[in-house]
Amino acid sequence: MSSIKKALVVGGGIGGLSAGVALRQAGVEVDLIELHPTFNVYGVGIIQPSNALRALDSLGLADRCMERGSPYGPVKMCAANGFKFAETGTPPMGRLPVHNGISRRILHDVLHEGAIANQVKIRMDVTVSAIDNGPDAATVTFSDGSTGVYNLVVGSDGVYSQVRGLVLGDYKPRYTGQSVWRYAFPRAADLDTGYIFFGKKTKVGLIPMTADRMYMFVVSAEGNDPKIPEAELVPRLKALVADYEAPMVRAVVDQITDPKGVIYRPLETLLLPAPWYNNRVLLIGDAVHATIPQLGQGAGLAIEDAVVLGELVQSGDPLPTILENFMNRRFSRCKMVVDASNTLGEWEQLEWQGQLPEGANMGALMGKTLGAMGAPI
Ligand SMILES: Cc1cc2nc3c(=O)[nH]c(=O)nc-3n(C[C@H](O)[C@H](O)[C@H](O)COP(=O)(O)OP(=O)(O)OC[C@H]3O[C@@H](n4cnc5c(N)ncnc54)[C@H](O)[C@@H]3O)c2cc1C
């Protein structure tokens, strides 16, 4: 019998919706609040490695992601001219593929439908104004003036988390010097899996999203000033991929025409020291471990957080034990991903400047870290 009867989840993103489902499946009554009046998820894709699918499977949602996405095998690593020199990916896990590519909007729909089916009570256009966070209960005042009393509050409100500021203090993400550019296309007939092409000063990925859509990502170094005006997005993205000779990359360049279709994001990283909780409030996902996407693991980690929390709540242990066990199961795994992703991003930038340190082996670090993601959570 759970010691947690009623929980509030703050944030209706990937981690928050997953936490809502996991807590409902553990028998907890769940309110979820989302800051925005409507969900407005952008239309490029996301890579779901096998460990993310394993976590979704335990929520009963992996099959829907795969049906509406595009399962694929190891990623082919290629030179800028298209020559394949290696393959990489997380370990296969039972019936689950190495990867699933999916549109972020479709992933959101699957999670949102899962939350509704599990009777998570969702309120839009609401945030938290204050939390009276005592050892026995958290009394929350919402932005619409209403209040609620909860056994547990889960802050899953992203890298700029307001809940984090309220209960853990003032932490800010750090810009890493790299940015990612993304654009969606009709799927190329020869896209049989995910591809990454390594250029002299950038890298380019082509990732399946659905049976008939794919997206491209381009990672570039943007120095100290990563802001880019909309009018420059299309010409700059085209310039970044101009010297790639790989036929798959060449085939999409002329299709980059719409500045609104270019999803450009400076890459930020943040890892909070343990513990990620205070009294009755626990932070999960990007709010406490925002990783740059070099290993495609950020969303998977947020979903894993949700699954582990659900399992621990189901144990019936008192909350202090649940929270301590949560940190034991999550901190070092998330730190490993954040640290390895940051190292890969630093090495990429050094390589683009011709200064890669001797002994820096990106393939080995990727292989080791992704291999470790196969461990049980
Ligand atoms: C360029 C890029 C590419 C990426 N690619 C991948 C990938 O391929 N695979 C992968 O696994 N991960 C990837 N990630 C990481 C992934 O997107 C994040 O790790 C994931 O979205 C984190 O989920 P979250 O729920 O913690 O936060 P978010 O997705 O940021 O969700 C937070 C939610 O909280 C809401 N919110 C914010 N503030 C409040 C508030 N005060 N009150 C109420 N609600 C609030 C927001 O509106 C939002 O709905 C990528 C990230 C970037 C930047």
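The values are calculated or read from the model by the stated rules, or taken from the named source; none is laboratory data. The structure displayed is predicted, hence computed values, not measured ones. Don't worry about glycine lacking a Cβ; one is built from the backbone with ideal geometry, like all the others, and counts go over all protein chains shown.
Look at the range 18-49 and say how many of its residues are among the small types (Gly, Ala, Ser), under 17 Å from the mean Cα position of the chain (by Cα) and surrounded by 24 or more Cβ atoms within 10 Å (Cβ to Cβ). Before the answer, list the steps.
First, pick out the residues of the range 18-49 that are among the small types (Gly, Ala, Ser): 18-20, 22, 26-27, 43, 45.
Okay, now just the ones that are also under 17 Å from the mean Cα position of the chain (by Cα), so 18-20, 43, 45.
Now narrow it down to the ones that are surrounded by 24 or more Cβ atoms within 10 Å (Cβ to Cβ): 18-20, 45.
Residues that pass the stated criteria total 4.
Which of the strands (runs of 3 or more DSSP E) found entirely inside the range 1-95 contain at least 1 residues meeting this: touching a Phe, Trp or Tyr at 6+ places or on another chain (Cβ under 6 Å)?
Working: elements: 6-10, 29-34, 45-49, 70-72, 75-79, 84-88.
It comes to 6-10, 45-49, 75-79.
Acidic (Asp, Glu), modelled with pLDDT of 95 or more and within 15 Å of the ligand (Cβ to nearest atom): does that describe Asp286?
Working: acidic (Asp, Glu): yes; modelled with pLDDT of 95 or more: yes; within 15 Å of the ligand (Cβ to nearest atom): yes.
So Asp286 fits the description; yes.
Of all residues in the range 128-145 being more than 10 Å from the ligand (Cβ to nearest atom) and not in a strand (DSSP E or B), which is surrounded by the fewest Cβ atoms within 10 Å (Cβ to Cβ)?
Gly145
Limited to the range 257-273, what total is found for residues that are in contact (Cβ under 8 Å) with a residue 12 or more places away in the chain, away from the ligand (no atom under 13 Å from the Cβ) and assigned to a loop (DSSP other than H, G, I, E, B)?
2
Residues that are touching a Lys or Arg at 6+ places or on another chain (Cβ under 9 Å) and within 29 Å of Gly73 (Cα to Cα): find the helices (runs of 4 or more DSSP H) completely inside the range 274-377 holding 3 or more of those. Steps first, answer last, please.
Numbers: elements: 298-314, 319-352, 362-372.
Result: 298-314, 319-352.
So, Gly148, is that one surrounded by fewer than 18 Cβ atoms within 10 Å (Cβ to Cβ), of a type outside the set (D, E, K, R) and in a helix (DSSP H, G or I) or not?
Working: surrounded by fewer than 18 Cβ atoms within 10 Å (Cβ to Cβ): yes; of a type outside the set (D, E, K, R): yes; in a helix (DSSP H, G or I): no.
Criteria not met by Gly148.
Suppose we filter the range 58-92 for residues that are under 15 Å from Met373 (Cβ atoms) and of a type outside the set (Gly, Ala, Ser); how many remain?
Summing the residues that are under 15 Å from Met373 (Cβ atoms) and of a type outside the set (Gly, Ala, Ser) in the range 58-92 gives 6.
Do you know which residues across the range 17-55 are hydroxyl-bearing (Ser, Thr, Tyr) and near the ligand (Cβ under 9 Å from one of its atoms)? Give the steps one after another, and end with the answer.
First, the residues of the range 17-55 that are hydroxyl-bearing (Ser, Thr, Tyr): 18, 38, 42, 50.
The answer is Ser18, and nothing else.
Quick check: anything in the range 223-241 within 16 Å of the ligand (Cβ to nearest atom), under 28 Å from Tyr171 (Cα atoms) and crowded, with 18+ Cβ neighbours inside 10 Å?
Yes, the range 223-241 contains a residue that is within 16 Å of the ligand (Cβ to nearest atom), under 28 Å from Tyr171 (Cα atoms) and crowded, with 18+ Cβ neighbours inside 10 Å.
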